[in-house]
Amino acid sequence: MAVSTLTLAMTLALAGCASTPPPDGILNQAQAQLRAARDADAAVYDPIDLGNAQDKFQQAQNAMAKRDYDVAAQLADEARASAELARAKARLGAARSQIQNKTSANQQLREQIDQSLADQQQDQNQPANLPPPQQTTDMPAPPSSALGEPVPQGQGFQTYPQNPNPDQPAPSSSTDQGGHL
């Protein structure tokens, strides 16, 4: 009876160890995340986390070879997490790089615009390289604008007051100062 109980206990213990299935799904996920991290240039933007993920994945494969499935599953999950982190940091690094490139390009365009505006203002302030203007003769006035006959004395606008004393001659225009004596 003791032998059969011991045999049953050993059988259950071996069955318990064998009941842990190989973590193929977790290993496949970790491997896919590693590939995605490499594709996202994690080797450039986050080599530390990528290296950590690769090391954990290698350790998980070694545990699988030893049929230590619990340890293999845990290491594969750590490798997956590290690979996801490396991929996220790589994407962030790539985005920052693009932002920096766009910022630099925008700065260059601003400098070109400022230079162009400065050149335009300088061109406006300097006389143009045009030939000197030619002297033109006055054009004759049309016949309808010709002056008519002078207005007889006393019927038009006068620039000096009329002489109240007819015995005195009217002041000449050379002494007239705006109608005042």
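With +1 on each Lys and Arg Cβ and -1 on each Asp and Glu Cβ, and nothing else charged, work out how big the dipole of the stretch 30-100 is about its Cα centre, in Debye to the nearest 20. Don't skip to the end; give the middle numbers.
Numbers: 10 positive and 10 negative charges, 35 e Å.
Value, rounded to 20: 180 debye.
Computed extension length for Ser97-Asp119: 4.6 nm, one decimal, from 0.36 nm per residue of separation with the Cα-Cα distance subtracted.
With a 1.4 Å probe and all protein chains left in place, how much accessible area per residue does the stretch 40-130 have, in Å²?
Numbers: 6650 Å² over 91 residues.
Dividing the accessible area of the stretch 40-130 by its residue count gives 73 Å².
Our summary of shape: the Cα atoms of the stretch 13-90 have principal axis extents of 47, 16, 14 Å, ordered from largest down, in whole angstrom.
Here Glu111 sits with roughly 100 square angstrom of accessible surface, probe radius 1.4 Å. Extending 7 Å from the Cα toward the beta-carbon at both Ala105 and Ala43 defines two label points whose distance is 2.7 nm.
The values are calculated or read from the model by the stated rules, or taken from the named source; none is laboratory data. All values reported here derive from a predicted model rather than from experimental measurement. Positions of Cβ are generated from backbone atoms using ideal geometry, with glycine treated the same way; all protein chains shown enter the neighbour counts. To get the accessible areas, we keep the full protein, side chains included, count just its heavy atoms, and leave off ligands, DNA and RNA. Shrake-Rupley method; radii C 1.70, N 1.55, O 1.52, S 1.80 Å.
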